[in-house]
Amino acid sequence: MKEFRTHVIHNNINCASCRSYQHCTNIENRFKSDIVANEGNWRNISEADGKRIETPIRRCSLAILEKWSHLFENSDVLEIGCGPSSAVNEEFCSVHRTRYIGIDPARLPSYELPWIPFKSLQRRVLGNFVSWGLHQTSRHRQFILDRFPSPKLSGRAFDLIYSTSSLEHWHEDLTDRDKTILRYRRYIDECWNLLRPGGVMVMDAPMFLHGNIWFMRGDVEMLESFFGNKWQSIVFEHWREQYDELMPYCPKRRQRAFREEFGIDLHNIWILNIVATK
């Protein structure tokens with residue numbers, strides 16, 4: 001019997017329509033010679049004070065958060081794969097009156113010790129604190145050290161489930177197409193179970209970058225198969241796939257690797273944002 005899925009709508013978020021377009025244009029104009037000299041590798045490019053310039057897709061992730069920030073307003077929110085420095089920080093949650101829970105299997109925000117001057121030294125000193133349960137909580141934010149799905153989330157319900165650059169890492173070990181679909185379907189179904197009626201899931205993931213092989217191949221059609229017929233609506237937003245007057249994001253080293261490993265002529269790394277409503 002043929003399985004029916006909720007229809008997936010695809011929206012192209014071309015760069016010129018993004019509120020951050022001028023910001024990205026200014027950055028590229030300032031660092032164009034450095035980008036060319038580094039063969040398109042943004043990770044080696046820094047400001048004069050040593051602060052690293054964010055990659056194009058990192059700026060996309062921040063623009064996505066800004067676009068959908070209204071969903072955080074007075075809401076119970078779960079962030080999957082929050083890491084130690086989520087953009088959904090204490091100030092963000094305070095402004096939006098967000099009741100936040102972040103879950104991550106290894107990397108949660110540790111307490112800062114102001115009398116230790118260097119962040120790198122702090123990370124070494126506090127390296128074991130998270131495993132001991134000594135990580136930061138606040139008025140608006142709580143954290144769970146565990147993998148998703150987690151029994152520690154049992155009995156909870158959320159208005160919004162959010163994730164950035166985490167989805168592509170959920171099942172990095174799987175290469176079989178059918179097994180990957182089944183495993184992701186189970187995890188996406190768990191997101192559906194945790195959402196209240198009318199709740200929304202917002203998850204972004206880079207295409208042609210890293211993680212599970214099907215994300216590295218940019219197989220968007222396959223990603224549609226992660227969703228069954230439970231969802232009211234599913235929108236796939238394509239951010240920076242159409243980059244307009246900006247430079248494509250494609251380090252030459254990665255171009256060579258993709259040609260050798262996948263037989264793919266890679267031209268541009270972009271980010272897929274999934275907005276699914278229960």
Fraction of antiparallel bridges per DSSP, the range 154-278 only, in percent to nearest 5: 70
Loop trypsin sites (Lys or Arg not before Pro), the range 1-87, which have at most 12 other Cβ atoms in a 10 Å radius of their Cβ (DSSP): LYS2, ARG19, LYS51
Listed pairs LYS51/LYS278; LYS67/LYS230; LYS67/LYS179; LYS179/LYS252; LYS252/LYS278; LYS152/LYS179 exceeding 30 Å between Cα atoms: LYS51/LYS278; LYS67/LYS179; LYS179/LYS252; LYS252/LYS278
Chymotrypsin sites (Phe, Trp or Tyr not before Pro) lying in DSSP loop within the range 1-108, provided at most 10 other Cβ fall within 10 Å: PHE4
Whole-percent pair-distance distribution, where bins are 5 Å wide, for the alpha carbons of the chain: 1, 5, 11, 15, 17, 17, 15, 11, 6, 2, 0, 0, 0
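Kindly work out what percent of the DSSP beta bridges joining two residues of the chain are antiparallel, to the nearest 5. The partial results should precede the final answer.
Working: 17 of 42 bridges.
Of the beta bridges lying entirely in the chain, close to 40 percent run antiparallel.
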Charge sum, other residues only, whose C-beta stays under 13 Å from ARG97's C-beta, Lys/Arg counted +1 and Asp/Glu -1: -2
GNM flexibility winner over the chain from SER233, SER85, SER166 (Cα, springs under 10 Å): SER85
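What's the local net charge at CYS18, with K and R +1, D and E -1, over the other residues with C-beta under 13 Å away?
Taking every Cβ under 13 Å from that of CYS18, the sum is -1.
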Relative contact order (percent, whole number), the chain, Cα cutoff 8 Å, 6+ residue spacing: 26
Positive-end residue of ASN11, LEU167, PRO105, charge dipole of the chain with Cβ unit charges: PRO105
Estimated FRET transfer efficiency when R0 is 41 angstrom, pair ILE264-ASP146 (beta carbons, to 0.05): 0.70
Cut-off 16 Å, label 7 Å out along Cα→Cβ of GLN136, residues of the range 160-183 by amide N: none
Top positive-direction residue, dipole computed over the range 8-277 with Cβ charges, set ALA63, ILE188, ILE53: ILE53
Mean-position separation - Cα centroids, the range 1-56 and the range 212-267, in angstrom: 14
Cα-centred dipole magnitude for the chain, charges only on beta-carbon of K, R (+1) and D, E (-1), debye, nearest 20: 500
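No lab work stands behind these numbers, since they all come straight from the coordinates. Predicted model only: the values in this text are computed from it and were never measured. Please note: Cβ atoms are built from the backbone with ideal geometry, for glycine as well, and neighbour counts cover all protein chains shown.
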